[in-house]
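Where a number appears in this text, it was derived from the coordinates with a stated rule and is not lab data. As the structure is a prediction and not an experimental result, all values here were calculated from the model. All Cβ positions, even for glycine, are placed from backbone atoms using ideal geometry, and neighbour counts span all protein chains on display.
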């Protein structure tokens with residue numbers, strides 16, 4: 001539903017970062033080093049699938065008083081803005097950058113595993 005943002009009506013999505021969810025799956029553990037988590041090809045596929053289902057990028061973080069004068073902190077996406085409730089500015093920047101960082105990391109992991 002479009003909402004008034006002070007810049008006009010926009011599509012916005014709200015994310016409540018106070019909700020904590022357990023991960024749906026377990027990562028493989030290295031039998032030699034119990035503290036080392038290994039990503040399997042299936043793990044990488046699942047991460048890539050989640051990334052591909054998200055709104056396309058790029059995403060840009062806007063912080064009130066830093067990037068714009070009034071309104072709320074939000075992440076701008078091509079399909080509308082995402083407002084965070086309960087997150088820090090660092091959380092917001094992390095989420096915004098993850099849209100482009102995660103695909104790069106997946107490709108680098110695949111490249112290194114292929115060596």
Completion exercise
Subtracting the Cα-Cα distance of residue 50 and residue 64 from 0.36 nm times their residue separation yields 2.1 nm
Exercise for the section: Take peptides 83-96, 100-113 and line them up by average Cβ neighbours within 10 Å, highest first, as a rough protection proxy. Expected result: 83-96, 100-113
